[in-house]
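Worksheet for the structure shown next.
The values are calculated or read from the model by the stated rules, or taken from the named source; none is laboratory data. Small disclaimer: the values here were computed from a predicted structure and weren't measured. We place every Cβ from the backbone using ideal geometry, glycine too, and count neighbours over all the protein chains shown. These accessible areas exclude ligands, DNA and RNA; they are computed on the full protein's heavy atoms, side chains included. Shrake-Rupley method; radii C 1.70, N 1.55, O 1.52, S 1.80 Å.
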Amino acid sequence: SRAALATVGLSAFADAMPSQLSGGMAQRVAIARALVTEPDLLLLDEPFAALDAFTRRAMQNELVSIWQRRRPTIVFVTHDVEEAVLLGERALEMQAGRIVGREAIALPYPRDPTDPEVNLHRRAILSRLMTMPAPVPA
């Protein structure tokens, strides 16, 4: 829908062909498609990985806004620890497909990456990840 395209900042490209979109734009279209039905559950696997830093931050903020308005459950996979802390209420650390750590993040939204509390959670997660043994190849 046009509203979903507006949500991800692509209103001007509503009539564009897929070949006319950049990788980041295609990623944003995928998010818009997921939002059209207003689902109760969103599964997002590295949805902002192909975006430039400015667009990534805007989309992170928009995702928080969507969550605040609609309250869907969102499972968000990322390798970016800061992103996990900025967006999540809980961060689960995984290694070799197993949950090996947890971080409860009870901070109000929106979160500022320069906030000392955000940095405290980021450092706690990184500390645990850096002390884990490397996974053994299968």
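Brief remarks on what is shown
- Computed E for S1/H79 - FRET, C-beta separation, R0 25 angstrom, nearest 0.05: 0.20
- Annotation: peptides 23-36, 52-65, ranked by per-residue average of other Cβ atoms within 10 Å with the highest first, follow the order 23-36, 52-65.
- Carbon + sulfur, % of accessible area of the chain - ligands and nucleic acids excluded, 1.4 Å: 57 percent
- Residues whose placed amide H lies under 5 Å from that of G101, excluding near-sequence neighbours: E93
- When the Gaussian network model of the chain links Cα atoms closer than 10 Å, the mean-square fluctuations of D15, D80, D45 top out at D15.
- With both labels modelled 7 Å from their Cα along Cα-to-Cβ, the V64 to T114 distance reads 1.5 nm.
- 22 Å tail of the calculated P(r), the chain, as % of Cα pairs: 44 percent
- Taking the chain and dividing mean pair separation by its residue count, relative contact order in percent (alpha carbons under 8 Å, at least six apart): 17 percent
- Charging the Cβ of each Asp and Glu at -1 and of each Lys and Arg at +1, and nothing else, the dipole of the chain about its Cα centre rounds to 180 debye.
- A simple spin-label model places the labels of D40 and R123 4.1 nm from each other, with each point 7 Å out along Cα-to-Cβ.
- The chain: DSSP helices with Cα axial extent of at least 24 Å and average Kyte-Doolittle hydropathy no lower than -1.0: 53-70
- Most positive-pole-ward Cα, M25, S127, V100, against dipole of the stretch 7-138 from beta carbon charges: V100
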